[in-house]
1. Classify the range 173-226: rounded, prolate or oblate, from the alpha-carbon gyration tensor (a ≥ b ≥ c, eigenvalue square roots; a/c under 1.5 rounded; otherwise prolate if a/b is larger than b/c)?
2. For residue 242, which sequence-distant residues (separation of 5 or more, or a different chain) have an amide H within less than 5 Å of its own amide H, given hydrogens modelled in the peptide plane?
3. Please sort by residue number the trypsin sites (Lys or Arg not before Pro) in the range 203-292 whose DSSP state is loop and whose Cβ has at most 10 other Cβ atoms within 10 Å.
4. Note down the accessible area of residue 311, probe 1.4 Å, to the nearest 10 Å².
5. Tell me the carbon and sulfur percent of the accessible area for the range 172-222, rounded to whole percent, probe radius 1.4 Å.
6. Could you compute the FRET efficiency for residue 92 and residue 464, with r as their C-beta to C-beta distance and R0 at 60 Å, rounded to 0.05?
7. Assuming R0 = 41 Å, what is the FRET efficiency of residue 343 and residue 317, from their Cβ-Cβ distance, to the nearest 0.05?
8. Rounded, prolate or oblate: which fits the range 207-354 when a ≥ b ≥ c are the square roots of the eigenvalues of the alpha-carbon gyration tensor, with rounded for a/c under 1.5 and prolate only if a/b beats b/c?
Amino acid sequence: MGFSLTSSPALDAALATFVGLFLVFGSGIAYLAWYKFIVLHRMSKAFEAGYDPALDLSNASRRRQLHSVGTALSEEGEDVHLVRDEQAAVDRIIRGEEQGNYYLIIGSKGTGKSTMILDSMRAIQADGAAFIDAHPDLEVFRLRLGKALNFDFHEDWQGALFSRADPRNGGPSLDIERALNKLEKVALKYTRARGRPLVMIFNNVHLFPDTDEGQAILLQLQQRAESWAEAGIMTMVFSTDDFWPYELFRRTASRMKILSIYDLPHPIAIKALRRLHKDAHPHLPPPPSSVLEAVVDLIGGRTSYLNRCARSSDMMEEALFMVRSEREFLMSKLGLIPDCDDDVMDEQKECSCSWLLLRELAKNHESIVSEPLPDSPDQVPQLLESPANETDETGWVTYGQARSIMTRADFLMPLDHKNIVSIDVNHRVRPDSRLTLSAIRTIVSEEGFDELLDGVRARIDEIESLHRTSEWMLKEPFRVGRWKSKDGKSSGMQFVGMGPPGDDDEEEEKGGRRLSNFWKLFG
């Protein structure tokens, strides 16, 4: 005999149903509360020391590299560890000591922006910091953001089994907004407990597509950066190689600060190259100062280029090879085609306008020489005409001057995107690197380059002139007369010989008859 709470079987069934529904509903509420707690707990774990996946990957492949701008010499005059002047500022930002602002770190590719950020994170074991790499595909960026924040975008939510739509149907923007909403709660709790803001780094934001969708993601992140900087709970850091993210940010920026990263100055680059070569080849004798100066004169103070040359046993030969490779890259992107066909006219417009700017940049650079670059290390002394203390700050034009020189303002941004020119926050346009400048010099100094450029521009004008010209053709011979009917009366004008082209008299007569019928109706 079964257990009964009441004497009525119907009432017992109703009570059992009610208790069952209550347990199911209560379990759902408890699971929802537990799930929200676990999401926030997991995200807070992402900002604990030692979690960051990007830092783990960097530690696994870390090598001893020099990425510095300061000068520090021992009493014997040999190099000791050098530290970039900007490194101290980056350290303060990553440690959360700079509150009330968010930062845009802008500089050309290879200047050491990511290295400085990762070094600062390594010093504190990523305590309170997260690092996310941007990507052109926003769905990939969504996954990278989730990995950095230890967040699954509700994909592990069991309630999704009974939902009508996939939580990701809103697209990456909606998923990113969900993650940022959770992150705001974590940041508030962290700031109250630790007394300093969280730090989140978005690396290489220029990789976002320069489209409405990509710009919307950046503006979405900037809105959060503005509000969180004002509240003092989060410091966002954006790094970029290109200029267009800065233009996008500055429209609505009120709390943004800029940190510009340039190549190493000439004397510091020489010291860095000497130290790098010593670390890479301790068994080789130190290279002479003339070779070091010549290499830096060719490739400049870009840290990635200095590392590449230092790893080579023959630094001068490697530098010359890099110049030749850069030259071929320029020719592949901006090669001029004499007597070009009209099918490539738009491409040649961009190339010719770009070379107008590059030629002007080469002329403006104080270190430009009239002799061509050497083909062998024996010709090194020809490269040493520039002052020893010269930096890469010379040889630039303003953004407005560049537009005027090119005559087409829409061709300037693609040059920045291709890493051919660099635009800084002061709206100064210069060659992307000293290596690029050396490659430009080899091209513009060739005999007949100016005539080739003028010829291509003349050919473009000729093609455009032909496209603007309309021609009217009349078939000859033709005659004008009066059309007569069978009764001999004139009925209209008659044009013979202006019909469709034909090789026989029959076609001519047909053309005449058609025009005669026309004038018969309207004459």
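1. Taking the square roots of the gyration eigenvalues as a ≥ b ≥ c, the range 173-226 is prolate.
2. It is 206, by chain and number.
3. 251
4. 140 Å²
5. Here it works out to 52 percent.
6. Step by step, r from the Cβ atoms, then E = 0.60.
7. 0.50
8. Judged from the Cα gyration tensor, the range 207-354 comes out oblate (a/c at least 1.5, b/c at or above a/b).
The values are calculated or read from the model by the stated rules, or taken from the named source; none is laboratory data. Please read these numbers as outputs of a predicted model, since none were measured by experiment. So basically every Cβ, Gly included, is an ideal-geometry build from the backbone, and we count neighbours across all protein chains shown. Accessible surface areas use protein heavy atoms only, side chains included; no ligands, DNA or RNA. Shrake-Rupley method; radii C 1.70, N 1.55, O 1.52, S 1.80 Å.
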